[in-house]
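**Student:** Below is the structure I would like to discuss, written out as structure tokens.
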């Protein structure tokens, strides 16, 4: 089913005011050069140097109160001493115990949010990861990304593309070489391969509104955020630079994504390289056109899961709720907004048993509200919870929007 195009003139995308506080601090990432050094070389690239400086400054003013670790959702955090962690960060070879904990961290930001001195504990853990060996369970998020693949990776990625079930609306955009100039850019990148219907339904809504747009999709345009979180700063820096150049090529003034991690990367890239675009979540983009969408609401009771990269890091709790309330009746979970529970997607399959416990706990919280569905606005959250849902539906907000618009014919 496709949405009927609207005949009214398209509305301009709204301007977005950048949030002043990002709990993974990206304000100092303002260099415009890249040095392709090996991640294990003692000489660091500019991204690593900037993070190192920020981490060292935080350590000198840390109050050692341990509030960051008291509120960490990981049970392993209770055995970690802040003084020891700070000491190990400064070592060339941190202890196995501290490195193991660093790779267990989901980068959810609860530690940053709880710090009375507004420090960035997550930065310390990211920097620690750069000194260790990336666990096997994390590597699926890092493979086949970017434009500089070796022969084997290129062949394996080619096989994935041949076997993947990609919607016909999205397939022509996968790793394409040429882009039109357009003010509006939809950035799907890796989630173009999502088993959900979010990418093509996003385009269907844009077509319904009569908007002109361009699309970036496929692993070759990966945002680099998973590599950054894993401590692979060399790969992350190159991916950031490549994406910055690609966005500049399209001339986009607004870049829309449905992935919370991609959104964080787009913010960092804009800040670091001075991009002339405004990053928006899909929800924020939709809000700019709400008056032109004849949404059909229902009496269904749903609850909303906040993505930590949007709610806790960027304070974006209200935008999705405005949309949800136009479609459903909303009931909140116990942990909501900045107190949300992370889905753990950026830890991928590393120590998966612990992740499964946290995810099932979140779904149990959703069911306790009496809601029939848990709505997400981040595609990674959706993909994590959807296969585990029992006794409650998991739906993405874009899919709910599409279905509501489709009802009007």
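**Student:** As a test of understanding, state the convex hull volume per residue of the chain from its alpha carbons, in Å³.
**Tutor:** 137
**Student:** Cα centroids of segment 207-259 and segment 349-383: how far apart, whole angstrom?
**Tutor:** 27
**Student:** What distance in nm separates the two pseudo spin-label positions at residue 176 and residue 114, each 7 Å out from Cα along the beta-carbon direction?
**Tutor:** Rounded to a tenth, the inter-label distance reads 4.7 nm.
**Student:** Can you give the angle from 0 to 90° between the axis of helix 151-163 and the longest principal axis of the chain, with both taken from C-alpha atoms, to the nearest 10?
**Tutor:** With both axes taken from Cα atoms, the answer is about 30 degrees.
**Student:** Could you state the angle between the C-alpha long axis of helix 397-406 and the longest principal axis of the C-alpha atoms of the chain, as a value from 0 to 90 degrees rounded to the nearest 10?
**Tutor:** Taking Cα atoms only, the helix is inclined about 0 degrees.
**Student:** Take each of the peptides 154-166, 188-200, average the number of other beta-carbon atoms within 10 Å over its residues, and list them starting from the highest.
**Tutor:** 188-200, 154-166
**Student:** So for each of 290-303, 118-131 I average, over its residues, the number of other beta carbons within 10 Å; can you give me the resulting order with the highest mean first?
**Tutor:** Descending packing order for the listed peptides: 118-131, 290-303.
**Student:** Show me 169-179, 306-316 ranked by packing, highest mean number of other Cβ atoms within 10 Å first.
**Tutor:** So the order, starting with the most tightly packed, is 306-316, 169-179.
**Student:** Continuing with the same structure: So how tilted is helix 318-327 from the main axis of the chain? Cα-based, degrees 0 to 90, rounded to 10.
**Tutor:** Approximately 30 degrees, to the nearest 10.
**Student:** Dimensions of segment 119-269 along principal axes (Cα, Å, largest first)?
**Tutor:** Taking max minus min along each principal axis of the Cα atoms, segment 119-269 gives 49, 38, 26 Å.
Quick note: the coordinates plus some simple rules give every number you see, no bench work behind them. The model shown is predicted, which means the values in this text are computed figures rather than measured ones. Ideal geometry is used to build each Cβ from the backbone, glycine not excepted, and the neighbour counts take in all protein chains shown.
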